[in-house]
Amino acid sequence: MTTLIESNEHKSLRAAVSAFAQTHPHSLNAEDNTRLWQAAAKLGYIGVNLPEAYGGGGAGITELSLVLEELGAAGNPLLMMIVSPAICGTVIARFGTEDQKREWLPPLADGTRLMAFGITEPDAGSNSHRITTTARRDAVTGDWILTGRKVFVSGVDLADATLIVGRTEDARTGKLKPCLFIVPRDAPGFERRAIDMELNAVERQFELTLDDVRLPADALVGDEDAGLLQLFAGLNPERVMTAAFGIGMGRYALSRALEYARERTVWKTPIGAHQAIAHPLAQAHIDLELARLMMQKAAHLYDAGDDVGAGEAANMAKYAAGEACVKAVDQAVHTLGGNGLTREFGLARLITASRVARIAPVSREMILNYVSHQTLGLPKSY
């Protein structure tokens, strides 16, 4: 029942975040975005999912996704919430050493530090098993030496460090297995290049090069043998949060369209009175609400410790939210007609931005592969 009806605490949190977000008008200015992040962190919103013992709110991905959804619904989606507290904060909280927790969790929670996440590679795409970034031990010093490339890494210029997914060789089998490393932004050999994107967003995308980046032994997060367990501990929250990102964006676009449909009058009648306008907007609302239900289910399963169940639900939530977001934005722009393409109404920029919810962090086609194989038991096609 908790996945269907929000508690009074969650309703209060939603109302508080919504009221806060309304006081910060949308801006593509980096300084405005930083101020919004710091103000949200001061109120406890950024670190709401992190452990209380390390300065967080002691809640979960359920609450963090709620925060991001409401910020997005007000036109202020903070993309780095998906990365810094949801992925990196979760992985460190679950698998980090005590020293790593003390060093990183408090500043991640209070907004004074950010962490990026690097997994995607030019030739690996959605296949985490083909990651070629490797980490090898220096037999003399015990240091790790990382070599490889990453692409489409968000906010590296804003982050104090990047959680890099590399692969180490299993001493028993000789096979490569995924491991996670904290790479400081100023580490020698760690270079970044901004990718020229059509996407109109504050958070830029980067290509990273790791050229024999030397890290101390304690840069490794968690157990070297944990492999995919640690990786997916961060990827499930990423999918839930991406769903929240898409739902928030869709709600924002829909709210602008509804406002216009109520006020725009043709032949003495608001255009929203016509079913050709009203019904597609109603359908968009229904799709967003259904996506939210699946997102809440995924978040609750994850917070309850059901990683397997959360994996299935998080993929479904991300798929549903991506589709609902794109449809809502498209219908909002169409409702405004020519005005939907003007800077004044601010919807045209969402045409590109809404595609992110479909493409990242995993494509809808890969989610369909996952569901058809893992859920429906059909033969694997890849």
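The values are calculated or read from the model by the stated rules, or taken from the named source; none is laboratory data. Computed from a predicted structure; not experimentally measured. Note that we place each Cβ from the backbone using ideal geometry, even for glycine, and neighbour counts take in every protein chain shown. When the accessible area is computed, the model is the full protein with side chains, heavy atoms only, and any ligands, DNA or RNA have been set aside. Shrake-Rupley method; radii C 1.70, N 1.55, O 1.52, S 1.80 Å.
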Selection within segment 187-213 - of a type in the set (D, E, K, R) and farther than 16 Å from Ala360 by Cα: Glu191, Arg192, Arg193, Asp196, Asp211, Asp212
Residues that are in contact (Cβ under 8 Å) with a residue 60 or more places away in the chain, in a helix (DSSP H, G or I) and touching a helix residue (DSSP H, G or I) at 6+ places or on another chain (Cβ under 8 Å), drawn from segment 31-57: Trp37, Ala40, Ala41, Lys42
Residues of segment 156-170 satisfying the condition of being of a type outside the set (D, E, K, R), at pLDDT 95 or above and farther than 15 Å from Leu220 by Cα: Val156, Ala159
Any pair with Cβ under 6 angstrom, 6 or more apart, that starts in segment 15-30 at a residue that is within 8 Å of Asn76 (Cβ to Cβ) and at pLDDT 95 or above and ends at one that is open to solvent by less than 60 Å² (accessible area, probe 1.4 Å) and assigned to a loop (DSSP other than H, G, I, E, B): Ala21/Ala74; Ala21/Asn76
Set Ala332, Ala353, Ala278, Ala304: member being of a type outside the set (S, T, N, Q) and within 30 Å of Arg94 (Cβ to Cβ): Ala304
Pick from segment 359-382, criterion over 21 Å from Glu121 (Cα atoms) and either part of a helix (DSSP H, G or I) or of a type in the set (A, V, I, L, M, F, W, C) (or both), ranking: farthest from the chain's Cα centre (by Cα): Leu378
Candidates Leu215, Leu290, Leu229, Leu301 - the one that is open to solvent by less than 30 Å² (accessible area, probe 1.4 Å) and of a type outside the set (D, E, K, R): Leu215
Selection count, segment 304-325, where residues are open to solvent by less than 10 Å² (accessible area, probe 1.4 Å) and within 17 Å of Gln230 (Cα to Cα): 3
Among the candidates Thr242, Thr269, residue that is modelled with pLDDT of 95 or more, of a type in the set (Ser, Thr, Tyr), out of contact with any Cys (no Cβ under 8 Å at 6 or more places or on another chain) and closer than 30 Å to Phe95 by Cβ: Thr242
Whichever residue in segment 50-106 is under 23 Å from Gln205 (Cα atoms) and open to solvent by 20 Å² or more (accessible area, probe 1.4 Å) and, among such residues, is modelled with the highest pLDDT: Leu79
Tally of residues being open to solvent by 40 Å² or more (accessible area, probe 1.4 Å), part of a strand (DSSP E or B) and at negative phi across segment 114-166: 5
Whichever residue in segment 326-341 is more than 28 Å from the chain's Cα centre (by Cα) and free of Cβ contacts under 8 Å to residues at least 60 places away in the same chain and, among such residues, is surrounded by the most Cβ atoms within 10 Å (Cβ to Cβ): Gly337
Residue within segment 284-291 that is free of Cβ contacts under 8 Å to residues at least 12 places away in the same chain and not hydrophobic (A, V, I, L, M, F, W, C) present: yes
Of all residues in segment 1-23 being open to solvent by 50 Å² or more (accessible area, probe 1.4 Å) and touching a helix residue (DSSP H, G or I) at 6+ places or on another chain (Cβ under 8 Å), the one that is farthest from Glu289 (Cα to Cα): Thr2
Residue among Thr269, Thr242 that is of a type in the set (Val, Ile, Thr) and either surrounded by 19 or more Cβ atoms within 10 Å (Cβ to Cβ) or farther than 25 Å from Leu336 by Cα (or both): Thr242
Answer residue from segment 171-197, given it is in a loop (DSSP other than H, G, I, E, B), modelled with pLDDT of 90 or more and open to solvent by 100 Å² or more (accessible area, probe 1.4 Å) and is farthest from Phe95 (Cα to Cα) among those: Asp196
